[in-house]
1. Over the chain, calculate the relative contact order: mean separation of alpha carbon pairs under 8 Å at least 6 apart, over the residue count, as a percent.
2. What do you get for the angle between helix 40-51 and the principal long axis of the chain? Use alpha-carbon atoms, 0 to 90 degrees, nearest ten.
3. Out of region 4-42, which trypsin sites (Lys or Arg not before Pro) are coil in DSSP terms and have no more than 12 other C-beta atoms within 10 Å?
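Read the figures in this text as sums done on the coordinates, not as results from a lab. Bear in mind that the values here come from a model prediction, so they are computed numbers and not experimental data. Cβ atoms come from the backbone with ideal geometry, glycine included; neighbour counts cover every protein chain shown.
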Amino acid sequence: MKIKYCKNCKIYTLQENCKKCGNATSSAHPPKFSPLDPYGKYRRKLKLEAEK
């Protein structure tokens, strides 16, 4: 079982849904690194746009 994170409440849990707000939780771990990542270009582009 991996730890999960609620983006609304900013708490960590092992549940699929947050026990405070009931929203779905997401993985607290970053994706595995791969130099052949086909989507890396898009993630970097979104990150740059979010910083503007």
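1. Numbers: 48 pairs, mean separation 14.1, N = 52.
Across the chain, relative contact order equals 27 percent.
2. With rounding to tens, the tilt is 70 degrees.
3. Working: sites: Lys4, Lys7, Lys10, Lys19, Lys20, Lys32, Lys41; in loops: Lys7, Lys10, Lys19, Lys20, Lys32.
Passing both the DSSP loop test and the Cβ count: Lys7, Lys10, Lys19, Lys20, Lys32.
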